[in-house]
Amino acid sequence: STARAFMTSTRSQSRKGRQPSRACKVGAGFWAYDESSPVVPRDIIFGPLKGDRATGAVIWLHGLDDTPESWAMRLEPERRRHPRWKWVHLRAPERPITCYEKMRHPAWGDFLDSGAVRVGSRDYETRDPKGWYAESVARVHRAIEALAAEGVPPSRTALVGFSQGGALAAEAALTLGARLAGWGLLAGWLTPRARAALVRSAKTGGLAGSRVLISHSSGDEQVLFECATLAGQKLSKAGARVQFAQLAGVMHVAGEAQMRKSALTFLEEVLDGTRAPAAEAPADYLPAAPPACSMPQRAAAALPSAAAAGRRKGIAKPKNTKPCPACVGRHRAHTCEKRRR
């Protein structure tokens, strides 16, 4: 029988003192959170049964407009497979996002543009003027320090993030100052601070041998594939042991399941050593580019842009046109106003 894990949240202290926490059942575990402060984000943490020592830890970061609960549910089978791992799901606070007319969404940082994140775009190059990414990185570092205080050192801790959570995971890992067991960038990108830290590490050799997973789809319409390509090249040249898992033609959110599978295999490699390491990317590695688009240029131009169709329920498109599966995301606006990047 599989040992039942327990899940607790981070605690916050209000001026009136601690309030009773409320506990709920989630799958095979339990989670509880303190209601004493509506401002401090409530994290979700799974750990071994009392008396059992954690042999490793995973910090998992969700994306924009997502919650830790959704990932906790999807990862329940993996928690059963590894009852001695500790799982930390940090929760992003709600922030007024610039490109969504200051509407509040769970986010680690701001988004300035409603278009896709691409190399050279505003969101790729933003210097974090509001300090939200820096604040989120500090939270991840505190979580790693807390695990170390409990007996799980950074060398036994892995960090994984999806989309904006992946961008946060990369920046947190590259600015930590200690080597993690490994970290994963799922459909994410390297922020300016992450790229600057990568340059410094390349000069000192601090990344030599570091384990990194990059998983991205060639059909991602929200964070373009070129972000992963460039990240893989830079990390490999800096000496990191990069594993690149390329998905073919799937869109951003639709690729979550396959990326999660790649990440779980990677976690078993770096935390348990139960699987043989996957082939690593050489320093000059360049993932295969997505196939050329088969849609006629005039038909593609006739399709509505993301900005024009951002608030529609449906998306009209010209008759007798059929986008190729590999690039359908580049010709169709996202149907939901709240994009999980």
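The values are calculated or read from the model by the stated rules, or taken from the named source; none is laboratory data. Given the structure is predicted, the values throughout are model-derived calculations rather than measurements. In this analysis, Cβ positions are derived from the backbone assuming ideal geometry, glycine residues included, and neighbour counts consider all displayed protein chains. Areas reflect the complete protein model, heavy atoms only, side chains present, ligands, DNA and RNA absent. Shrake-Rupley method; radii C 1.70, N 1.55, O 1.52, S 1.80 Å.
Structure notes:
- Accessible area in square angstrom per residue, the stretch 124-197, 1.4 angstrom probe: 31
- Measuring against 21 Å, Cα to Cα, the residue pairs 130/234; 86/261; 86/234; 86/130; 237/261 contain 130/234; 86/234; 86/130; 237/261 as the ones spanning a longer distance.
- Label zone of residue 112 (point 7 Å out along Cα→Cβ, amide N under 16 Å): in the stretch 132-168 this covers 132-134.
- In summary, the aspartates and glutamates within cross-link reach of residue 50, defined as a Cα separation below 18 angstrom excluding same-chain residues under 8 places away, comprise 150.
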